[in-house]
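What follows is a set of notes on a single structure, which appears directly below.
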Amino acid sequence: MNDLASETMTASPKSLGLDFNTPALQRKRRLRALKDRIARRAVSIGGMAVLGAITLIFFYLAYVVLPMFQGASLDSRKPVQAAWLNEAAAPLLLTLEEQNQMGMRLDQGGQVQFFDAKSMQAVSRVQLPIPADTRIVAVGQDQPGSNRVALGLSNGQVLVFQHVYKITYPNDVKTINPSIEYPFGEAPIELDTQGRELDHVGLSLNGGTLMLVGSTGTELQVLSLGREENLMTGEVSLSEERVSLPQISEPIKALIIDPRHLWLYVINGRATADVFDMRNNSLNGRYKLLGDAKLEVTNATSLLGGISLMIGDNSGAIQQWFMVRQDDGKAELTSIRSFQLAGNPIIQILPEERRKGFFALDNKGNLGIFHSTAHRTLLTEPVAEGQAMLALSPRANRVLVETDGQLQRLLVDNPHPEISWSSLWGKVWYENYDAPQYVWQSTSASTDNEPKLSLAPLAFGTLKAAFYAMLLAAPLAIAAALYTAYFMAPALRRKVKPVIELMEALPTVILGFFAGLFLAPYVEGHLPGIFSLLIFTPIGILLAGYLWSRLPESIRLSVPDGWESALLIPVILLVGYLSLGLSGHVENWLFDGNMRLWLSNDLGIPFDQRNALVVGLAMGFAVIPTIFSIAEDAVFSVPKSLTFGSLALGATPWQTLTRVVILTASPGIFSAVMIGMGRAVGETMIVLMATGNTAIMDMSIFEGLRTLAANVAVEMPESEVGGTHYRVLFLSALVLLGFTFVMNTLAELVRQRLRVKYASL
């Protein structure tokens, strides 16, 4: 018998009548091998395609984002020696109009020359109505873009005019017609009643009120003019009011009027600013502008909007100052930030008309391009040899330089000056703010508003939303996964697991809609009940478990193993009913009928209806199925031999779970948590509809938030393609992609270490 068995075992298939090399089997093997190769290559191609797509997305986002961090550039054109320049006097003012087609030059003789900004050919000339035997001794300009100019005369009078460019289309040809207008009449306005020469002059038009200010030595002359036009006859009537201000102790260098007529800045002495409150005509304070006694103010002007002062000195530095309200309520002139050109005295500062940028020129012909909010130096380059005069176009893309009787055009490429690392991620001291802050405010009703494009509150909101969602979802999902995979009866598990996984198919827009329209107002009206539910639900479950363990054994054994969890359903329903049903009574008893007011008034905690609590509840509900499904599979996949071996050695089921099963399944559980975290970070619709979309940095659970993903969804349709706002939104997407990549990479490293560490179990 043994011999027969040994012969059977050692016999070849062919001796037994079995042939595995038949043509049919060979065809099957070849077909199977072909299918294996096709599947292997398809999987490889699919995987490489996914990696390639992610890489292309990354590079495309970087391609859109990188131009924001490039500096400015200049493209110079050949200087032109215009014939009309030989007959003109020394320049006082040089400007360019909106279309970069027409230039205007004012000389000391009072002649205004309009010329073609490309060919430099003369177009028209206007002689200003300056009285005989007087000369122009001072020039002042209103806010950028107004084109209003005040000329201080040697007889104490001021001539106010405006250069205007009207566009017509004769024979369908665009034509610019320059002209000079006198909104307050052609007759000069008497500012100094004693007829003394005006050293400096300034003007500001606010509504129908024109404020003129001039200086004669250390004396200030302030005149407020009201202008009214008769709608029937077109006649203009003027009303005058002289303002008396304290005198200045040192010679005056510059006069700057706040466009709202709140402040008058008088730069005097070497480096002193006297600030007058024009609401009560009093001195607000005297401020030292430069710390070094050797330094001296050489030029001063205001930025777009008139809130910030730009002070240039003889060391080539430019400082930004504006009024800041202190703790006692008093406003003080405060130094905000400084810039440096080339170490030579600053002779001209030109603010842009549409952005918070400015151009600066020193006495050696060095040009600097800066942006105040971004605290960024975009370019420093010599454009002339020695003294020169600049004109900046309204679009800040052309610069006109006059030097040595020549005019030269410079083409400026400076599309994104508002962006810098500090403006995106650091605290920025914005105008009209009491201190540096993180602010996202991409749009404003005013064109002179500062761009506030800080991504810090958006990134903070993203992490805040994910934190509160995971705070709710992770413990519930992991605990549910452990119980379902390890303790629950197989029949009950086959019903519970698909139902929970089916929750993941619920569209997040439905959850967001539900959270925004129902959950948020319900939570606001039942705050005590919501917190009671969160507190007493685990207490009720533990109490029910304790009472169950004290019941007679006959009762406990009547329930099949793994079905005990079904007994918790009425417990949870009862706790929920009592918590929410008694919410109003608890609120009346403990919080005087209004818990929201109690939080705000007694604890000083602001309450926003659509807050992080609502987001945590709604987004936690959306994340739970993802974490549960992966974690449950990881726990259920732990080999039964490990479980049975632990139990056979005398360990209790709880000891087996905590010391064997969880450790073995820890890589999968960790992956589940990280995938859920990634889902929470990238969630859009829930946070878009369930939060107030307020970009604030506050960890309070009662405050709203704005996430990067929601911000992109809200503002991308309104952004200008290729603009700074558009590219910053792409940067937000790049930050999200980078965050997800880093988080997944770290998760994979941790998972591999856990797998290696517990592989021996």
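Rule-based calculations on the coordinates, nothing more; no lab input. This one's a predicted model, so the numbers in the text were calculated from it and none came from an experiment. Cβ atoms come from the backbone with ideal geometry, glycine included; neighbour counts cover every protein chain shown.
Report, by chain and number, residues whose modeled amide H sits under 5 Å from the one on residue 76, excluding near sequence neighbours (fewer than 5 apart, same chain).
Close amide H contacts, sequence-distant or interchain: 411.
Over the Cα atoms of region 256-415, each weighted equally, I'd like the Debye log10 I(q)/I(0) at q = 0.15 Å⁻¹, rounded to two decimals.
-0.81
Taking only complete DSSP H runs, can you tell me which helices of the chain stretch 15 Å or more along their own long axis by Cα positions and average at least 0.0 on the Kyte-Doolittle scale? Don't skip to the end; give the middle numbers.
Details: long enough: 23-65 (62 Å, 0.57); 456-482 (37 Å, 1.67); 490-503 (20 Å, 0.05); 527-549 (33 Å, 1.71); 568-581 (19 Å, 2.28); 612-636 (33 Å, 1.85); 662-682 (29 Å, 1.32); 724-757 (49 Å, 0.74).
Once both thresholds are applied, what remains is 23-65, 456-482, 490-503, 527-549, 568-581, 612-636, 662-682, 724-757.
Only Cα pairs under 8 Å and at least 6 apart count here; give the relative contact order of region 387-430 as a rounded whole percent. All intermediate terms of the calculation are to be shown ahead of the outcome.
Numbers: 42 pairs, mean separation 10.9, N = 44.
Relative contact order comes out at 25 percent.
For residue 60 and residue 549, compute 0.36 nm times the residue count separating them, minus their Cα-Cα distance, and round to one decimal in nm.
On the way: separation 489, 0.36 × 489 = 176.04 nm, distance 6.13 nm.
Working it through step by step, the gained length comes to 169.9 nm.
Please state the charge dipole magnitude for the chain, taken about the Cα centre, from unit charges on C-beta atoms (+1 on K and R, -1 on D and E), reported in debye and rounded to the nearest 20. Working shown, then result.
Details: 60 positive and 67 negative charges, 950 e Å.
Charge dipole of the chain: 4560 debye, to the nearest 20.
Which entries in 288/452; 78/166; 294/356; 495/640; 294/330 show an alpha-carbon gap greater than 25 Å? If you can, show how the numbers build up before the last one.
Working: 288/452 29 Å; 78/166 29 Å; 294/356 29 Å; 495/640 22 Å; 294/330 30 Å.
Among 288/452; 78/166; 294/356; 495/640; 294/330, the Cα-Cα distance tops 25 Å for 288/452; 78/166; 294/356; 294/330.
Find the percent of Cα-Cα distances in region 611-761 that exceed 20 Å, and round it to a whole number. Working shown, then result.
Details: 7018 of 11325 pairs.
Above the 20 Å cut-off, region 611-761 has 62 percent of its Cα pairs.
Could you work out the relative contact order of region 128-288? I mean the mean sequence separation of Cα pairs under 8 Å and 6+ apart, divided by the number of residues, in percent. List each step's numbers first, then the result.
On the way: 379 pairs, mean separation 23.8, N = 161.
15 percent.
Using the C-alpha gyration tensor of region 47-177, what are the square roots of 5 times its eigenvalues, in whole angstrom, with the largest one first? Don't skip to the end; give the middle numbers.
Numbers: eigenvalues 445, 71, 48 Å².
After diagonalising the Cα gyration tensor, the semi-axes are 47, 19, 15 Å.
Could you pull out the longest piece of the chain with no exposed loop chymotrypsin sites (Phe, Trp or Tyr not before Pro) in it, calling a site exposed if DSSP puts it outside H, G, I, E, B and it has at most 13 other Cβ atoms within 10 Å?
In short, 21-562.
Dimensions of region 489-574 along principal axes (Cα, Å, largest first)?
Its Cα atoms span 49, 32, 13 Å along the three principal axes.
Measure out, as a whole number of angstrom, how far apart the alpha-carbon centroids of region 235-306 and region 121-194 sit.
24 Å
In whole percent, what relative contact order does the chain give with Cα contacts below 8 Å and a gap of six or more residues?
Details: 1402 pairs, mean separation 72.2, N = 761.
In percent, rounded to a whole number, it is 9.
Order these by the 10 Å Cβ neighbour count, fewest first: 550, 148, 355.
Listing 550, 148, 355 from fewest to most nearby Cβ atoms yields 550, 148, 355.
Measuring from label point to label point, each 7 Å out along Cα→Cβ, what is the residue 70 to residue 585 span in nm?
7.1 nm
With unit charges on the beta carbon (Lys/Arg positive, Asp/Glu negative), name the residue among 756, 545, 697 whose Cα is farthest towards the positive pole of the charge dipole of the chain.
Projecting each Cα onto the dipole axis, the largest value belongs to 756.
Sequence neighbours fewer than 8 away in the same chain don't count; with that in mind, list the aspartates and glutamates whose C-alpha is under 20 Å from residue 427.
Straight-distance partners of residue 427: 327, 418, 450, 698.
May I ask which residue of 140, 680, 331 lies farthest towards the positive end of the charge dipole of the chain, with charges of +1 (Lys, Arg) and -1 (Asp, Glu) on Cβ and the Cα centre as origin?
Among 140, 680, 331, the one farthest towards the positive end of the dipole of the chain is 680.
For the pair residue 260 and residue 171, what calculated FRET efficiency results from E = 1/(1 + (r/R0)^6), where r is the Cβ-Cβ distance and R0 = 45 Å, to the nearest 0.05?
Details: r = 45 Å, r/R0 = 0.99.
Computed FRET efficiency for residue 171 and residue 260 comes out at 0.50.
Over region 456-757, with a single point scatterer placed on each C-alpha, what log10 of the ratio I(q)/I(0) does the Debye formula yield at q = 0.15 1/Å?
Taken in order of the listed q values, log10 I(q)/I(0) reads -1.26.
What is the distance, in nm, between label points placed 7 Å from the Cα along the Cα-to-Cβ direction at residue 294 and at residue 750?
5.7 nm
Taking the Cα centre of region 456-757 as origin and charging only Cβ (+1 Lys, Arg; -1 Asp, Glu), how large is the dipole, in debye to the nearest 20?
Roughly 1140 debye, rounded to the nearest 20.
Among 636, 311, 271, pick out the residue whose Cα is farthest towards the positive end of the charge dipole of the chain, where Lys and Arg carry +1 and Asp and Glu carry -1 on C-beta, about the Cα centre.
The Cα lying farthest towards the positive end belongs to 636.
Where does the Debye-calculated log10 I(q)/I(0) of region 128-288 sit at q = 0.19 Å⁻¹, using only Cα point scatterers of equal weight, no solvent?
These q points yield log10 I(q)/I(0) values of -1.21.
How do 662, 248 line up, fewest other C-beta atoms within 10 Å first? Display every interim value, and only then the final one.
Numbers: 662 18, 248 21.
Fewest to most other Cβ atoms nearby, the residues stand as 662, 248.
Once every DSSP H run of n ≥ 4 in the chain is given -39500 (n - 2.57) and the sum is divided by its residues, what mean residue ellipticity at 222 nm do you get, rounded to the nearest 500 deg cm²/dmol? Intermediate values should be presented prior to the final figure.
Numbers: 18 runs with 268 residues, N = 761.
Helices in the chain give a 222 nm mean residue ellipticity of -11500 deg cm²/dmol.
For region 128-288, with only Lys/Arg (+1) and Asp/Glu (-1) charged at the beta-carbon, what is the dipole magnitude about the Cα centre, in debye rounded to 20?
Details: 13 positive and 19 negative charges, 120 e Å.
For region 128-288, the charge dipole is close to 580 debye.
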